[in-house]
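Bear in mind that the values in this text are calculations on the coordinates, not laboratory data. Everything numeric in this text was worked out from a predicted model, so none of it was measured. Here the Cβ positions follow ideal geometry from the backbone for every residue, glycine too, while neighbour counts run over all protein chains shown.
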Amino acid sequence: MVDREISFHLQTLASQYPVITLTCPRQSGKTTLVRHIFKEKAYINLELLDQREFARSDPRGFLRRIPDGAIQDEIQHVPELLSYIQGIVDESRVNYLFILTGSRQFEILNRVRQSLAGRIGQLLNMNSLGNDAGVSHTTAREWLSLLEASYLVFLLEPFHRNLGKRLIKSPKLYFYDTGLACYLLGIGKETQVDTHPLRGSLFENLVIAELVKFRFNPGKSINLNFYRDSMGNETDVIYNIAQEILPIEIKAGKTVAPEHFKGLLALQKVIGSYAYGRCIVYNGDHEETRRDIIITVVSGLLQLLRRIE
């Protein structure tokens with residue numbers, strides 16, 4: 001199987017805690033991953049009705065079969081089991097007992113999929129989303145919360161530092177899986193992306209999703225924002241490093257044009273100097289520095305972040 005960067009962190013956490021939980025979308029490879037990493041652990045699939053019913057009807061008997069712990073897959077099917085696991089953990093005080101995995105999948109995605117996919121890289125307006133889906137903005141917000149909990153979409157919050165400017169307060173919406181966004185947009189082939197009107201937004205989604213994974217894999221929280229003021233000046237990503245920031249502009253083209261610097265130059269008038277410089281990520285293959293702005297590709301951006309963090 002493909003080596004996953006998160007593998008080392010899972011092994012480390014398992015040696016430090018009695019229970020660790022891996023949550024992610026269905027069919028994303030979590031079962032294969034944990035069974036590969038924790039080969040010596042017993043495996044229980046709670047998707048199976050007999051196992052699920054046993055766990056629900058006799059949780060103590062169910063857990064008595066696995067005194068050394070186990071991988072318990074799709075734990076969300078029997079949430080009441082967690083209380084009994086907590087009791088075992090409190091009594092044993094032993095690390096590396098249970099590896100839990102969980103996922104959620106909701107049919108409501110079918111109703112809002114076009115509306116959501118058409119909004120990647122854009123400011124999120126709940127009233128507009130609700131109107132497109134034929135529901136109230138309150139219902140749209142509830143559905144969106146479920147999709148966030150399912151690790152299907154995430155929100156990028158606006159930069160909120162006091163800069164003496166009127167800053168936009170609405171978040172932006174992105175998909176964890178850009179391939180899913182393409183599917184929802186009706187894109188079936190790679191060549192169709194090149195001429196699609198949302199090509200730029202899809203590339204932006206791809207880069208930001210990579211940044212989110214870069215943070216999540218070692219167990220860190222998202223430290224990302226975007227900048228946009230009431231005058232329309234915008235920078236795609238503000239990567240926060242302690243009290244410093246790394247502004248990042250994302251362009252889907254294979255050529256860097258003069259107008260691509262506009263957002264970063266406008267932000268400099270507000271922020272001033274940057275300890276880690278500024279960056280443009282584009283879809284080309286040549287890396288250079290212009291006007292003290294680093295021009296790089298996605299892999300180059302991640303290498304840069306590894307050096308400065």
Taking springs between alpha-carbon atoms closer than 10 angstrom, which of GLY87, GLY121, GLY186 fluctuates most in the Gaussian network model of the chain?
GLY87
Cα gyration tensor category, rounded, prolate or oblate, for region 6-102 with a/c compared to 1.5
oblate
So what is the relative contact order for the chain, in percent, with contacts set as C-alpha pairs under 8 Å and at least six apart?
12
Need the full-extension length gain, LYS169 to GLN192, defined as separation in residues times 0.36 nm minus the C-alpha distance. One decimal, nm.
4.9 nm
Sequence-distant lysines (8 or more away, or on other chains) whose Cα lies within less than 26 Å of LYS41
LYS30
Under Stokes-Einstein, the chain at 4 °C and 1.567 mPa s, with its Kirkwood radius over C-alpha pairs, diffuses with a coefficient in µm²/s of 59
Any DSSP H helix in the chain with Cα axial reach of 20 Å or more and mean Kyte-Doolittle score of at least -0.5? Listed by number, the hits are 199-216
Reference-scaled alpha-carbon Rg (2.2 N^0.38 Å with N residues) for region 183-284:
1.17
What is the calculated FRET efficiency for ASN223 to ARG199, with r their C-beta to C-beta distance and R₀ = 30 Å, to the nearest 0.05?
0.65
Förster-model FRET efficiency, 51 Å R0, ALA42 and ARG291, C-beta, rounded to 0.05
0.30
What nm value, rounded to one decimal, do you get for the distance between GLN86 and ARG56 when each label is placed 7 Å out toward the C-beta?
2.1
Per residue, what volume in Å³ does the convex hull of the Cα atoms of region 124-199 enclose?
136
